[in-house]
Amino acid sequence: MTVDARSFRNACGLFGTGVIIATCADPSGAPVGVTVNSFSSVSLDPPLVLFCIDHRAFSRTAFRDAKTFALNVLADDQQSLADRFARASADKFSGLDYVQGHGGAPVLPGALATFECDVEAQYPGGDHDILVGRVAAVDIGPDEAKPLLYFGGAYRALAER
């Protein structure tokens with residue numbers, strides 16, 4: 001049985017996700033980042049998280065070679081950041097405020113949460129790489145902030161019931 005790629009992508013898009021910018025420093029120390037929505041907690045003890053990066057991503061090599069990375073969970077007012085880091089370009093950080101976190105991985109101000117990680121493992125996953133990080137530090141943003149969500153091929157807002 002063969003699964004049609006478009007149908008598979010559309011079905012996966014019906015699972016609402018948060019939006020994250022994964023960041024690291026390349027071998028020269030320059031900041032690198034990419035928008036992802038494939039994120040998951042893995043373990044509480046030890047604290048492990050994972051994200052996946054497409055083989056076609058401009059920054060894949062930097063992440064593959066990095067010893068640390070940060071995962072910045074975006075707030076609903078950070079869609080422009082998600083768009084910026086979703087594009088293939090060399091300098092997504094030009095004119096952007098950030099701080100160097102654990103191991104030099106950029107931490108973005110205003111994020112709902114940031115996970116600063118040491119690389120625990122990397123696995124092949126079809127057309128993506130799966131990166132598992134051991135959380136070295138976590139920061140939680142303002143209580144009143146809402147998450148930026150992605151569902152059905154579009155950004156969405158959290159609605160109260």
Handout entry: Integer Hz, Karplus 6.51/-1.76/1.60 couplings in order for region 115-121, x for Gly and Pro
Key = 10, 9, 10, 9, 5, 9, 6
Exercise for the section: Determine the relative contact order of region 7-111: mean sequence separation of Cα pairs under 8 Å and six or more apart, normalised by residue count, in whole percent. Expected result: 32 percent
Completion exercise
In debye to the nearest 20, the charge dipole size for the chain, taken about the Cα centre with +1 at each Lys and Arg Cβ and -1 at each Asp and Glu Cβ, equals 480 debye
Fill in the blank from the handout: region 92-161 and region 39-61 have their Cα centres apart by a whole-number Å value of 10 Å
Practice task
Run the numbers on region 62-132 and let me know its relative contact order in percent, using alpha-carbon pairs under 8 Å that are six or more apart.
Solution key: 39 percent
Exercise for the section: Can you check what the net charge comes to around Val132, using other residues whose Cβ is under 11 Å from the Cβ of Val132 (Lys, Arg +1; Asp, Glu -1)? Expected result: -2
Completion exercise
When Asp45, Asp97 are ranked with the fewest other C-beta atoms within 10 Å first, the list becomes Asp45, Asp97
Completion exercise
By the mean-Cβ-within-10 Å protection proxy, highest first, 98-106, 26-34 rank as 98-106, 26-34
Handout entry: Listed residue (Ser89, Thr2, Pro27) projecting farthest to the positive dipole end of the chain, Cβ model
Key = Thr2
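Every number here is computed from the coordinates shown, using simple stated rules; none is lab data. This structure is a prediction, so every number in the text was calculated from the model and none was measured. So basically every Cβ, Gly included, is an ideal-geometry build from the backbone, and we count neighbours across all protein chains shown.
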